[in-house]
Amino acid sequence: MGMVADRISTGRQMHLVAFLMTGPTCHHHGAWRHPDSDVEDVLNPARYEHIARVLEAGKFDSLFFADILGVYDLYGGSYDTMAGRGGQVCLLDPAVLLPGMARVTSRIGLGLTYSSTFNHPYQIARMLASLDHVSAGRAAWNVVASTSTLEARNFGMTEMPGRAQRYDRADEVLEACFALWNSWEDGALVMDRAAGVFANPAKIHYADYAGQWVKTRGPLTTPRSPQGHPVIMQAGSSERGREFGARWGEIIFTLQHQKSDMQAFYADFKTRMARYGRAPEDCVILPSIDVVLGETEALARERAEYLNSLVDTQLGMAQISGHIGVDLSQYDPDLPLADITLEEGSRGSFDVILQGTAAEGLTLGEAARRFATSELCPQLVGTAEQVADRLTDLFEDRACDGFVLTPTTSPGMWEQFCRGVVPVLQKRGVFRTEYTGRTLREHLRPA
């Protein structure tokens, strides 16, 4: 083992969260084609229950579902590429799957993405409080303000509001949800058969929340849940998004290319939290990573090479188009990146997405295939020991508090990671060997 493995644990514990989607792909857009992927079962709830069991056996803090409320159709003016070639398409509503996953597990956190732009606070608060009850205190809400016009059109809007308005509304939605979650006090349910008293009305209150964007009277129909409210996740990286996360977030999911980017984001975010009266440990910062494992480094690299060969050039271009809001089908895939001209705003997003590729003289098609292997995430390739080295180095050098792990093959990668990397991290003393709490919040902030 190298120097990383020989470091003495400081007692600080790494956090691991699994990234799931109810479709063919997550961040690697060719992995569904790999024989180790169970894409045939993508509509089968047993698939997700199995993944939950595997991740709980690996002592992950939580899993969560990303979600997209539409099928991207910008590329070529249609959804042919995204749907036809297996892009990011969410085939099931995660809210339907999570109760089943809760029933087959007892400790792992269970999160879902829910838009603050398209959903009313009462609906959100009731559903998440119910999930927290069903899971005995393991619910998490990944709050998104949404960005896509295609999603807006599915909800009867002609276009998305501006970023500032979306986040202003999101602040109000959170305020309203907390007012609803707090409308039942602890002990409000009495359930005294002999006295005929089911609940104490004095411990139930109207929310009476009225903001510029949302209003709700309350009280919530669902009693106070085990955690009081779900753990709040967030992934905004803009200036306004970071402020929102610093105010509300308990888990921050971030996409960074390299260690220095992670460290800069980490320091910036922890500083922002202080302005909201929050301690640094009140929130964990988790950059996203992809992993390809092998019994030897050579085998791991051979597997990664084969896996990455499965990505589709057109699908990669379609995915980038959806991110930057520009139809790239008008450009020849063999055109050098430097020769592509975009409007200033789109060019900035394009350069961020393809950060680090321009210097290599790649064509658009080559860059699209590179993007399609992990999007913005580092792809860690190696043995279990080597991957554990990388994770430990990032963790101990304050680039993060842990990681959001996005799958390549599924469930194969989850099984390999929990069987191979987790025991190495446990042996080094940087990751739990057993759960010490029952709720997700207790996993994130153990006593």
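Data table
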| read-out | value |
| --- | --- |
| Selection count, the stretch 323-342, where residues are open to solvent by 30 Å² or more (accessible area, probe 1.4 Å) and in contact (Cβ under 8 Å) with a residue 12 or more places away in the chain | 12 |
| Residue that is farthest from Asp401 (Cα to Cα), among those in the stretch 199-231 that are in contact with a strand residue (DSSP E or B) (Cβ under 6 Å, 6 or more places away or on another chain) and hydrophobic (A, V, I, L, M, F, W, C) | Ala199 |
| Pair list, Cβ under 9 Å, 6 or more apart: the stretch 10-38 residue in contact (Cβ under 8 Å) with a residue 12 or more places away in the chain and of a type in the set (Phe, Trp, Tyr), other residue surrounded by 20 or more Cβ atoms within 10 Å (Cβ to Cβ) and not in a loop (DSSP other than H, G, I, E, B) | Phe19/Leu63; Phe19/Phe64; Phe19/Phe65; Phe19/Phe253; Phe19/Ser288; Phe19/Val404; Phe19/Leu405; Phe19/Thr406 |
| Residue within the stretch 277-293 that is in contact (Cβ under 8 Å) with a residue 24 or more places away in the chain and exposed (fewer than 14 other Cβ atoms within 10 Å of the Cβ) present | yes |
| Any hit, the stretch 235-244, residues being surrounded by 17 or more Cβ atoms within 10 Å (Cβ to Cβ), small (Gly, Ala, Ser) and outside any loop (DSSP other than H, G, I, E, B) | yes |
| Subset of the stretch 72-101 (residues that are in a helix (DSSP H, G or I), touching a residue at least 60 places away in the same chain (Cβ under 8 Å) and surrounded by fewer than 18 Cβ atoms within 10 Å (Cβ to Cβ)) | Gly76, Gly77 |
| Residue match in the stretch 359-376 (condition: at negative phi, assigned to a loop (DSSP other than H, G, I, E, B) and not aliphatic (A, V, I, L, M)) | no |
| Subset tally (residues that are acidic (Asp, Glu), assigned to a loop (DSSP other than H, G, I, E, B) and surrounded by fewer than 24 Cβ atoms within 10 Å (Cβ to Cβ)) for the stretch 18-71 | 3 |
| Members of the stretch 380-435 found to be among the basic types (Lys, Arg), within 25 Å of Asn308 (Cα to Cα) and within 22 Å of the chain's Cα centre (by Cα), listed by number | Arg390 |
| Ala140 surrounded by fewer than 18 Cβ atoms within 10 Å (Cβ to Cβ), among the small types (Gly, Ala, Ser) and at pLDDT 90 or above | no |
| Residues of the stretch 211-253 that turn out to be β-branched (Val, Ile, Thr) and more than 23 Å from Val134 (Cβ to Cβ), as a count | 2 |
| Filtered residues of the stretch 366-415 (kept if of a type in the set (Lys, Arg) and in contact with a strand residue (DSSP E or B) (Cβ under 6 Å, 6 or more places away or on another chain)) | Arg390 |
| Residue in the stretch 168-181 that is in contact with a Gly (Cβ under 9 Å, 6 or more places away or on another chain), modelled with pLDDT of 95 or more and part of a loop (DSSP other than H, G, I, E, B) present | no |
| Tabulated pairs, the stretch 218-236, first of a type in the set (Lys, Arg), second open to solvent by less than 40 Å² (accessible area, probe 1.4 Å), C-beta under 8 angstrom, 6+ apart or interchain | Arg224/Ala129; Arg224/Trp181; Arg224/Trp184; Arg224/Ala188 |
| Condition check for Val54: without any contact (Cβ under 8 Å) to a residue 60 or more places away in the chain and under 28 Å from Arg445 (Cα atoms) | no |
| Unique residue being of a type outside the set (Val, Ile, Thr), closer than 24 Å to Val404 by Cα and without any contact (Cβ under 8 Å) to a residue 24 or more places away in the chain when the list is Ala264, Ala298, Ala304 | Ala264 |
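The values are calculated or read from the model by the stated rules, or taken from the named source; none is laboratory data. Nothing here was measured: the structure is a model prediction, and the numbers come from that model. Please note: Cβ atoms are built from the backbone with ideal geometry, for glycine as well, and neighbour counts cover all protein chains shown. Side chains are part of the model used for accessible areas, which takes the heavy atoms of the whole protein and leaves out ligands, DNA and RNA. Shrake-Rupley method; radii C 1.70, N 1.55, O 1.52, S 1.80 Å.
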